[in-house]
Amino acid sequence: MKAVIFDMDGVLVDSEPMHTAVSIETMAYYGVTIDEKDMDRFAGMTMHSIFSTLKIENNIPDLIENILARQESGMLKHTLEDPQTPIAGIREILAYLEQHKIPAAVASSSPKNLVKTVVDRLNITDSFEFLLSGEEVQHGKPDPEIYLAAAKTLQVQPKDCVVIEDSKNGTLSAKAAGMTCIGFKNLNSGDQDLSAADIVVPTLTQIDFTKF
């Protein structure tokens, strides 16, 4: 293991319920009713992919840019107004990596502005070499592009990277990139199939990095 790459939503912060709630609000604005189960399939995907699909499925006439702007505005509002704390085990993992001089990065499907805001609010910005967002790649998860881009920026071979993911799309992305993937079974991320991951843990505190 020469580097660790973190997903953000559902790994660094327990934000999937907020994302789902805002998505339900956004769709309600357009007269469309969805629920948590409807959103489970989209976990780990970019907002553009999610709402492009919902726009087509529900024949929403508004421009995708307007839909995305409404969704991002809602998420930023909640992020700035609600208390933000890292998921249990994150601070300890980051301290371990710093102690052993192992670089870390974030590769999230969320928009860049939201990624920066969340990591700043968690007060862990200095723990990462860089933050990579879904807006900075052409193909979002489950495509491996974002993780391959992260490895290239870290100047580390994909096979030497460990990824922590909580979603089916994220684990598929990491494995397609040729990386070791730790699947975090976050119950707040919905019913996610993490079978593609190399190991699955119920809590981040159970990860033993000496085995990688």
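The values are calculated or read from the model by the stated rules, or taken from the named source; none is laboratory data. In this text the structure is predicted, and so the values were computed from the model without any measurement. Note: ideal-geometry Cβ built from the backbone for every residue, glycine included; neighbour counts use all protein chains shown. Ligands, DNA and RNA are excluded from the accessible area calculation, which covers all protein heavy atoms including side chains. Shrake-Rupley method; radii C 1.70, N 1.55, O 1.52, S 1.80 Å.
The table that follows gives values for the structure above.
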quantity: Additional length obtainable on full extension of the chain from ARG41 to THR53, 0.36 nm per residue less Cα span; calculated: 3.2 nm
quantity: Rough spin-label spacing in nm, given labels placed 7 Å along Cα→Cβ, for GLN157 and VAL32; calculated: 4.4 nm
quantity: Dipole magnitude (debye, nearest 20) for the chain, charges at Cβ of Lys, Arg, Asp, Glu; calculated: 540 debye
quantity: Charge dipole magnitude, Cβ of K and R +1, D and E -1 - region 1-81, Cα centre, debye nearest 20; calculated: 220 debye
quantity: For region 1-70 and region 95-135, distance of Cα centres in Å; calculated: 20 Å
quantity: Between helix 64-81 and the chain: long-axis angle, C-alpha atoms, 0 to 90°, nearest 10; calculated: 60 degrees
quantity: At 1.306 mPa s and 10 °C, Stokes diffusion of the chain via Kirkwood alpha-carbon radius, µm² per second; calculated: 92 µm²/s
quantity: For region 6-89: relative contact order, % (alpha-carbon pairs under 8 angstrom, 6 or more apart); calculated: 40 percent
quantity: Per-residue [θ]222 nm for the chain (sum of -39500 (n - 2.57) over DSSP H runs n ≥ 4, rounded to 500); calculated: -12500 deg cm²/dmol
quantity: Accessible surface of region 5-135, 1.4 Å probe, proportion on carbon and sulfur as whole %; calculated: 51 percent
quantity: Stretchable slack from ASP198 to LEU76, in nm (0.36 nm times residue separation minus alpha-carbon distance); calculated: 40.6 nm
quantity: Largest-first ordering by accessible area, 1.4 Å probe, given options LYS168, LYS159; calculated: LYS159, LYS168
quantity: Restraint check, LYS55/LYS168; LYS37/LYS211; LYS152/LYS175; LYS112/LYS159, Cα-Cα greater than 24 Å; calculated: LYS37/LYS211; LYS112/LYS159
